[in-house]
Amino acid sequence: MGRKILVVDDEQPIVTLLSYNLEKAGFHVVTAHDGEEALVKVASEQPALIILDLMLPKLDGVDVCKRLRQQQIMTPILMLTARDDEFDKVLGLELGADDYMTKPFSPREVIARVKAILRRTEIVQPAAESSERLVVGELEIFPERYEATIGGKPLELTPKEFELLLYLARHKGRVLTRDQLLSAVWNYEFAGDTRIVDVHISHLREKIETDTKKPMYIKTVRGLGYKLEEPKRHE
């Protein structure tokens with residue numbers, strides 16, 4: 001039996017369509033039809049990924065996402081929205097969703113997105129403790145453990161935030177365009193929707209640059225993109 005996917009949608013035809021195609025692709029599917037049931041199923045089923053509709057009875061997708069992240073449940077979330085509305089997308093991403101799709105969608109694309117997210121967020125458990133470590137100033141990143149610290153204190157990052165930070169660190173000092181980051185971290189084209197990158201960069205800055213008196217790690221290069229560099233104090 002394949003990885004477990006929780007499908008949360010109050011429209012039965014969509015639940016049936018997604019369940020059929022996911023199971024055909026080798027996944028095990030469990031379902032929920034409202035936000036409260038979704039929270040119960042996450043706790044009891046511990047899915048590898050959640051496909052979460054934005055508009056739900058009882059608790060909407062935004063509230064479900066917010067509550068899961070507040071509880072430090074970092075299960076990857078693919079959010080579904082019926083509207084091609086930038087506010088919906090950005091809000092979902094700001095609350096910790098890993099990706100979004102707009103209805104109507106192609107089941108084949110859903111499967112591709114699910115597989116891509118699972119590839120990115122799967123934590124490797126090596127037979128022996130890995131010694132790989134990336135250091136940038138007070139920032140330490142442990143790729144094999146999906147952990148990062150700053151000044152010795154653990155950082156609470158979503159899977160996507162960690163992937164973005166890791167990619168920036170592995171290319172320390174290099175200017176990376178938004179399109180490069182979209183392609184490398186999200187693994188497919190987002191049709192130029194670089195706002196996704198901006199949102200996640202903003203989140204990283206909030207978490208690793210909490211002391212405004214200290215120099216920044218992530219630098220914006222106007223007209224080009226971003227780079228992670230050793231912090232330098234201004235004279």
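Any idea how many residues of segment 43-73 are touching a residue at least 40 places away in the same chain (Cβ under 8 Å) and touching a Lys or Arg at 6+ places or on another chain (Cβ under 8 Å)?
5
Would you please list the contacts, defined by Cβ atoms under 8 Å and residues six or more apart or on different chains, that run from a residue in segment 1-27 that is in contact (Cβ under 8 Å) with a residue 12 or more places away in the chain and more than 13 Å from Val114 (Cα to Cα) to a residue that is surrounded by 15 or more Cβ atoms within 10 Å (Cβ to Cβ) and among the small types (Gly, Ala, Ser)?
Val8/Ala32; Val8/Gly35; Val8/Ala38; Val8/Gly61
Can you pull out every residue in segment 92-105 that is over 16 Å from Asp9 (Cα atoms) and open to solvent by 20 Å² or more (accessible area, probe 1.4 Å)?
Result: Glu94, Leu95.
Which of the residues spanning segment 131-147 are touching a residue at least 24 places away in the same chain (Cβ under 8 Å) and part of a strand (DSSP E or B)?
Leu134, Val136, Leu139, Ile141 - these are the residues of segment 131-147 that are touching a residue at least 24 places away in the same chain (Cβ under 8 Å) and part of a strand (DSSP E or B).
Tell me which residues, restricted to segment 144-186, are surrounded by fewer than 19 Cβ atoms within 10 Å (Cβ to Cβ), at pLDDT below 90, more than 22 Å from Arg69 (Cβ to Cβ) and under 20 Å from the mean Cα position of the chain (by Cα).
Glu144, Asp179, Gln180, Ser183, Ala184
The values are calculated or read from the model by the stated rules, or taken from the named source; none is laboratory data. Since the structure is predicted, the reported quantities are computational estimates derived from the model, not experimental observations. Note: ideal-geometry Cβ built from the backbone for every residue, glycine included; neighbour counts use all protein chains shown. We work out accessible area using only protein heavy atoms, side chains counted, and drop any ligands, DNA or RNA first. Shrake-Rupley method; radii C 1.70, N 1.55, O 1.52, S 1.80 Å.
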